[in-house]
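The values are calculated or read from the model by the stated rules, or taken from the named source; none is laboratory data. All values reported here derive from a predicted model rather than from experimental measurement. A quick note on method: Cβ atoms are made from the backbone with ideal geometry, for glycine too, and the neighbour counts reach across all protein chains shown.
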């Protein structure tokens, strides 16, 4: 069951990734190209998912929006887990006051509600795509730091670590050649789940009107759809981007869950 | 989270650093006016303490925060403390209601899933939980509004009470009226949280179901329902309480979106307005209050944990 859901998730993700990469070929219009005479049009053979008030093609915006969501999601997920892994490795292996200081830093960051602190930082620094990626990573790395630290704490007392120390290996070598490879599989899971979370945060930001205003985005399409007329009579403007967000995060979550089951030797199924 | 003092200090330092990172010199606006000479601006900087070192500025800022002075909103010119005081109760009530609903639903669904592991019901709940985890709150909220408020017309679309309610309406009518306005926001806010709690409860319960004391209780001939309520749930509850405090950040974050969609004038809506208007004093004040609320909740969770688990004793040597 899990296995099958993870496979379905992977297929959906590959489709979305290809669509994002080949946006110029798949989208039928530019995302900011206004179709004259086709304003507020329901889906038809030219505009597969209709057009909005300005005559923008919904299908094309959906495809280009995938590019933004996936770019933000994947880079943020990798960056956040990368930072977290580094902090966790150093913190767990070094121990002492370094560990104490780093873990208090983690506690402090966790003490802020993610969306609220991200909003505040975006308001201060501006909403460019780079800023959004950096801010979300700097706020969300804490989970993987704790995860890695906990694993390193137990790994460092294993015999193979003692053995390599006895053979004269440096701390650096022990940490990155012997301990790090053992946490890779759980990092893989952390990355997929972190990507899902980042896609959601980006969608929330652009829904609230605080995303990058120059980029087409799923969240922003829903932001524009808050009027009662649109909600009641123009489903094609808000259901497709909403479903796209759900499908994207759901797939990453399924893949992450499947990976966890597949990689965890202690899970019996 | 037992060591909360360093975290408390960390929170204020973090907030202060963000404020000092705010672009724009507060006096830059005057620099272009001819009426102000460079000398006057230099003197004003000194008087406002803008030339002091960062640690000095931090201590001054901290002491004013401790006196309840969060500065003035750049937009409304009202004091930030007053703005937050006006919106605080609305957010706390909304999140507490959502916390109650999601706790009840999440635990219920999780327990049923675990007891009936691998049944059709379990798979259905699992799928719905994943859907809830992956559904952005704003999309769910818009769906709820489109279906229950606009198409069916059962519930109001936004706001907190009916503005045209007659003045002679009884207290009960007023209560009922505002309750109707709360239904959709509370569902939208609690759904993702209920989903994650259900996942967590399910795995905690599965953990407990495999324990040997369960086999012992059954060997004694106790009824299954008695074992569930007296032996299994209390033990699973211990694990579940620890995540209550972990769920609040998500709820606070969700309240930002839900309050915006349903036009609830709470701290979430205030923070979005402040972020949009670049109203730095307000957004930092709200961020700080949210962080302090979370810290307090963590503290409460630690206390609850000690009450529910007699083995836990804090700060006892040995």
Considering every residue within the stretch B:278-293, establish whether at least one is at pLDDT below 85, facing another protein chain (nearest Cβ under 10 Å) and surrounded by fewer than 21 Cβ atoms within 10 Å (Cβ to Cβ). yes
Would it be correct to say that residue A:144 is touching a residue at least 24 places away in the same chain (Cβ under 8 Å), more than 13 Å from every other protein chain (Cβ to nearest Cβ) and under 14 Å from the mean Cα position of the chain (by Cα)? yes
Going through the stretch B:262-273 in order, the residues found to be more than 11 Å from the chain's Cα centre (by Cα) and more than 7 Å from chain A (Cβ to nearest Cβ) are B:262, B:263, B:264, B:265, B:266, B:269, B:270, B:273
Number of the exception - residue A:65 against (1) surrounded by fewer than 19 Cβ atoms within 10 Å (Cβ to Cβ); (2) within 14 Å of chain B (Cβ to nearest Cβ); (3) farther than 30 Å from residue B:284 by Cα: (1)
Those residues of the stretch B:206-227 which are within 30 Å of residue B:132 (Cα to Cα) and buried (at least 19 other Cβ atoms within 10 Å of the Cβ), in sequence order: B:208
Of the conditions (1) over 20 Å from residue A:218 (Cα atoms); (2) in contact with a helix residue (DSSP H, G or I) (Cβ under 9 Å, 6 or more places away or on another chain), residue A:61 clears all except one; give me its number. (1)
Only one residue in B:203, B:190, B:196, B:170 is out of contact with any helix residue (DSSP H, G or I) (no Cβ under 7 Å at 6 or more places or on another chain) and either crowded, with 20+ Cβ neighbours inside 10 Å or under 30 Å from residue B:234 (Cα atoms) (or both), so which one is that? B:203
Considering only the stretch B:234-251, I want to know if a residue exists there that is modelled with pLDDT of 85 or more, buried (at least 21 other Cβ atoms within 10 Å of the Cβ) and either within 14 Å of another protein chain (Cβ to nearest Cβ) or closer than 26 Å to residue B:160 by Cβ (or both). yes
Residues of the stretch A:110-128 being more than 7 Å from chain B (Cβ to nearest Cβ) and at pLDDT below 90, in sequence order, are A:110, A:125, A:126, A:127, A:128
Between B:71, B:89, which is in contact with a strand residue (DSSP E or B) (Cβ under 9 Å, 6 or more places away or on another chain) and farther than 30 Å from residue A:248 by Cα? B:71
Within the stretch B:133-148, can one find any residue that is over 18 Å from residue B:98 (Cα atoms), more than 24 Å from the chain's Cα centre (by Cα), surrounded by fewer than 18 Cβ atoms within 10 Å (Cβ to Cβ) and assigned by TED's automatic domain parsing to the domain that holds residue B:96? yes
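Residues that are modelled with pLDDT under 90 and under 26 Å from residue B:249 (Cα atoms): which helices (runs of 4 or more DSSP H) entirely in the stretch B:38-157 hold 1 or more of them?
Qualifying helices (runs of 4 or more DSSP H): B:54-66, B:80-115, B:120-134, B:137-144.
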Within the stretch B:137-150, tally of residues that are free of Cβ contacts under 8 Å to residues at least 24 places away in the same chain and facing chain A (nearest Cβ under 8 Å): 4
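To keep it simple, each residue is scored yes or no on (1) in contact with a strand residue (DSSP E or B) (Cβ under 7 Å, 6 or more places away or on another chain); (2) away from chain B (no Cβ under 14 Å); (3) at pLDDT below 90.
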{"site": "A:182", "(1), (2), (3)": "no, yes, yes"}
{"site": "A:195", "(1), (2), (3)": "no, no, no"}
{"site": "A:225", "(1), (2), (3)": "no, no, yes"}
{"site": "A:229", "(1), (2), (3)": "no, no, yes"}
